[in-house]
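Below: one structure, written as structure tokens.
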Amino acid sequence: MIFVGELSELPPGESVRVQGEVAIAVFNADGELFAIDDTCTHQDASLSDGWLEDCAVECPLHAACFDLRTGRPSGPPAKEPVRTHQVVVQDGAIYVRESAPVGSAALGAEAAVGEAVR
Ligand code: FES
């Protein structure tokens, strides 16, 4: 698992980028934690720099919105989903369990698991 940081360092409405096989963005959406690939599937923008609203993040470059639960974009210009990753909280620390790489058989079978921290 990838250590993200202390839960107290990621308040609601905030995000952080960590490095796994690729960069991963971790969000605290009103007390629920989500992790997705950080790079937008449209072009090279960092989704952790985007705008978080409810359970979606808006890409800072061309405003495609990605659902944090599924990784799917709500519409153009992004067409492909980002991967979602499992978030685990243990003893006040946040970890991410990275999903299988794109193209593996497991892709699509894994869903984001937001963990309530309230
Ligand atoms: S780079 Fe994200 S929508 Fe274009």
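A short reminder: the numbers here are calculations on the coordinates, not readings from a lab. Source: prediction; values computed, not measured. Here the Cβ positions follow ideal geometry from the backbone for every residue, glycine too, while neighbour counts run over all protein chains shown.
Applying the criterion of being part of a strand (DSSP E or B) and surrounded by fewer than 22 Cβ atoms within 10 Å (Cβ to Cβ) to the residues of segment 1-14, the residue that is farthest from the ligand (Cβ to nearest atom) is Glu6.
Under the condition of being touching a His at 6+ places or on another chain (Cβ under 9 Å) and closer than 15 Å to Phe3 by Cα, which residue from segment 19-51 is nearest to the ligand (Cβ to nearest atom)? Explain how you work it out, then say what you get.
We begin by selecting, within segment 19-51, every residue touching a His at 6+ places or on another chain (Cβ under 9 Å); these are 20, 24, 26, 34-37, 40, 42-43, 45.
Those still in the list that are closer than 15 Å to Phe3 by Cα too: 20, 24, 26, 34-36.
Numbers: Gly20: 20, Ile24: 16, Val26: 18, Phe34: 17, Ala35: 18, Ile36: 12 Å.
Out of the qualifying residues, it is Ile36.
Only one of the numbered conditions (1) more than 16 Å from the ligand (Cβ to nearest atom); (2) surrounded by 18 or more Cβ atoms within 10 Å (Cβ to Cβ); (3) farther than 20 Å from Glu6 by Cβ is violated by His85, and that is (3). Can you find a residue in segment 90-100 that is in contact with a His (Cβ under 8 Å, 6 or more places away or on another chain), without any contact (Cβ under 8 Å) to a residue 60 or more places away in the chain and within 10 Å of the ligand (Cβ to nearest atom)? No, segment 90-100 has no match at all. Taken over segment 52-71, the criterion of being over 16 Å from Leu33 (Cα atoms) and either surrounded by 21 or more Cβ atoms within 10 Å (Cβ to Cβ) or more than 8 Å from the ligand (Cβ to nearest atom) (or both) is satisfied by Glu58, Cys59, Ala64, Cys65.
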